[in-house]
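Asker: What follows is a structure written as structure tokens; I'll ask about it next.
The values are calculated or read from the model by the stated rules, or taken from the named source; none is laboratory data. Since this is a predicted model, take the numbers as computed values, not measurements. Cβ placement follows ideal geometry from the backbone for every residue including glycine, while neighbour counts extend to all protein chains displayed.
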Amino acid sequence: MIAMVISAGIGERLRPLTYYTPKPMVPVLNKPVLEYTLENLAKHHIREVVINLGPQSCAIQNYFGSGSSLNMKIHYSKERNLLGTAGGVKKVESIIQKDSDPDFLVASGDNFSDINFTEAIAFHKKKKALITIALKDVESRFEYGIPICDSSGRIQKFIEKPSWGDIFGKQVNTGIYLFNKKIFETIPEKHPYDFGKQLFPRLLKLKKPIFGYKMNAFWTDIGNIKEYRRAQSAALNNQLKIKISGKEIKPKIWVGERTTIEKGVKMIAPCFIGSDCLIKKNATIGAHAIVGNGAIVDSHANIVDSILWENVKIEKKVQLKNCIVGSQILVPESLNLYEAIIFPKRKEK
């Protein structure tokens, strides 16, 4: 089976993290969130993937290349003008049709999940569905599409971005889909078209077989700062099965290669320190702290509940709590910050 990973969005709700970094490339434990999705696809024997790219997404192709490092083949589809979820899939129909399987998979590039793709595929084929939507129980439902299913799992109604009056249950659309290739007959060419707002409601009116697969695995989409933090915490606390880089030197304490930890450094689980870092004497890497590759944390600095991207320098006696610090940032000596997000200022065009 072939898969498409939708990665062309601009990530407005995740700014300032996405001013210079495409949303699928924001790091979770020092790896792009998209990399976890690709690793999970490969784990379930999906070895050919199409990734669509928006105007600012060249970093994705630069990082993943041909896909050989993940033991898969990656095709890229560049969208100068964004075509929407369904329109982006329609654009690569010729690539998807070459695969012998009558069905194909679509996932969102900002998903963070260890969904069992093999089980979802088996459900889709058993139901002989035109579309299967992976569903997940969540508490906050207003940012996601809400499907209403009957007892067999067949979707009867779909509400995109509901209000309080629309709430019928906890299950939301995760942005993970299985399609039969007959779906291409229903999507217009070279025209922006959306799954949740246009395609699904239209097909439901036509009584097409659309089913909901209820997943038990961890899932979030990294669409805002709150969910980004939640993904990091879930990874640190082993809430999902993923490959974490580095060595687990103590339970829930990971340290990357060529990193130097000087005497007197205190590390409190769960925490993560990347590769090629220098953590100087008497510094504290506290609970839920994530230190990016190449970072320097100077003596007596205290990093708690914070995320440092690559090549950050934290000077002496800095105190960070609930902060996110972008790549290449220097945080000067003795600064005390709480709930700060520190990223380079965006250049005005």
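Asker: In segment 216-249, which residue that is surrounded by 20 or more Cβ atoms within 10 Å (Cβ to Cβ) and touching a Ser or Thr at 6+ places or on another chain (Cβ under 7 Å) is modelled with the lowest pLDDT?
Answerer: Top of the filtered list is D221.
Asker: Moving to a separate point now. Select from segment 199-232 the residues that are without any contact (Cβ under 8 Å) to a residue 60 or more places away in the chain, within 25 Å of A8 (Cα to Cα) and not acidic (D, E) and list them in ascending order.
Answerer: Answer for segment 199-232, where residues must be without any contact (Cβ under 8 Å) to a residue 60 or more places away in the chain, within 25 Å of A8 (Cα to Cα) and not acidic (D, E): P201, R202, K226, R230.
Asker: If only one of L14, L29, L38 is crowded, with 17+ Cβ neighbours inside 10 Å, in the same structural domain as K182 (by TED's automatic domain parsing) and modelled with pLDDT of 95 or more, which one is it?
Answerer: L38
Asker: Same structure, new question: For the subset of segment 250-279 comprising residues that are more than 19 Å from W309 (Cβ to Cβ) and among the charged types (D, E, K, R), which member is surrounded by the fewest Cβ atoms within 10 Å (Cβ to Cβ)?
Answerer: That would be K263.
Asker: Look through segment 280-295, keep the residues that are closer than 15 Å to L320 by Cβ and touching a residue at least 40 places away in the same chain (Cβ under 8 Å), and return whichever of them is surrounded by the most Cβ atoms within 10 Å (Cβ to Cβ).
Answerer: Filtering segment 280-295 for residues that are closer than 15 Å to L320 by Cβ and touching a residue at least 40 places away in the same chain (Cβ under 8 Å), the one surrounded by the most Cβ atoms within 10 Å (Cβ to Cβ) comes out as I290.
Asker: Scan segment 29-67 for residues that are small (G, A, S) and within 25 Å of Q232 (Cβ to Cβ) and jot them down.
Answerer: Residues satisfying the conditions are A42, G54, S57, A59.
Asker: Of the residues K247, K241, only one is touching a residue at least 24 places away in the same chain (Cβ under 8 Å), over 23 Å from E339 (Cα atoms) and of a type in the set (K, R); which?
Answerer: K241
Asker: Right, next: Quick one: H45 ticks every box in (1) on the phi > 0 side of the Ramachandran plot; (2) in a helix (DSSP H, G or I) except a single one, so which number is it?
Answerer: Evaluating H45 over (1) on the phi > 0 side of the Ramachandran plot; (2) in a helix (DSSP H, G or I) leaves (2) as the failure.
Asker: Looking at segment 230-243, is at least one residue within 30 Å of K128 (Cβ to Cβ), small (G, A, S) and not assigned by TED's automatic domain parsing to the domain that holds I285?
Answerer: Checked segment 230-243: no residue is within 30 Å of K128 (Cβ to Cβ), small (G, A, S) and not assigned by TED's automatic domain parsing to the domain that holds I285.
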